[in-house]
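Okay, so here's the structure we're looking at.
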Amino acid sequence: AKIACEISKPDGLREIKKSEIEQVIGSLEIEHIPGIGERNAERLKSMGIRTVRDLLLYPEELLCRRFGVRGLWYKNLARGEDAGFFTLLEDGPQIKSIGHSETFPRDIFDIEDIKKYTLYLSEKVARRLRCKNLAAKGVSIYVRYFDFSGYSISKTYSYPLHTSGDIYKRALSMIFGVNHSKPIRLIGISVFNLVPYIKQLSFYVEDEREELLARVVDEINDRYGDFTVRRARLVSSIFKHNVIPPRGIPR
């Protein structure tokens, strides 16, 4: 309806039948679709999607792989079917939580080792959140000792968490909030109370920089394998086995 008004000025009255959508708006630049911002329009253009027709013809699976559930939303917008982003999440299968755990090759007790593994798991969880364009309002950790005893802690927050730094700080605080008297065999980190990720302006340059860096690193790792590019703290022999190249890329 908004596009119809825009292309029918000055009176702003135009009826577009469903069968006419591609013919009428197919040649419009992708920025003309309400709901696709400037940054995501640039990302779409980098994929060769410059017009509404390009978006209509682009494989839905590849869109979802790049943008998560928003990819399906963009496709529906191009068809003239705007059910709303939040409705799409409610109608589809809902993900309750996202998590990863790691059983260590040896029991660990050293504080630096605990920090490294916590960061590694936080990176994996945050990347899956970004892939699905989600954020979380809850973090849970699980610790198992060498004798198979253990504990878990969960905390909820009034604000959404999205980056690995956000998750790492909360998880580490919970882990070191307990006095560990025994070597640790396994750590697990998961996030819950998932909500759609909506980018908000930040007063802190560091926040903007971390998010931009994470997106760039994701693109490189998507192409060459998980953890091909990683934080300096994770450049260690204990993490080398976790570099998994995509099919067709030599290890």
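Quick note: the coordinates plus some simple rules give every number you see, no bench work behind them. Bear in mind that the values here come from a model prediction, so they are computed numbers and not experimental data. All Cβ positions, glycine included, derive from the backbone under ideal geometry; neighbour counts span all protein chains shown.
At-a-glance table
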| item | result |
| --- | --- |
| Extension gain, Lys17 back to Ile198 (0.36 nm per residue minus Cα-Cα distance, nm) | 62.0 nm |
| Gap separating the Cα centres of segment 139-180 and segment 32-57, nearest whole Å | 39 Å |
| Sequence of Cys131, Cys64 once ranked by neighbouring C-beta atoms within 10 Å, starting from the fewest | Cys131, Cys64 |
| 24 Å Cα-Cα threshold exceeded, pairs from Lys96/Lys132; Lys45/Lys137; Lys137/Lys169; Lys17/Lys45; Lys96/Lys182; Lys96/Lys116 | Lys45/Lys137; Lys17/Lys45; Lys96/Lys182; Lys96/Lys116 |
| Positive minus negative residues near Val139 (Lys, Arg vs Asp, Glu; Cβ under 13 Å) | +3 |
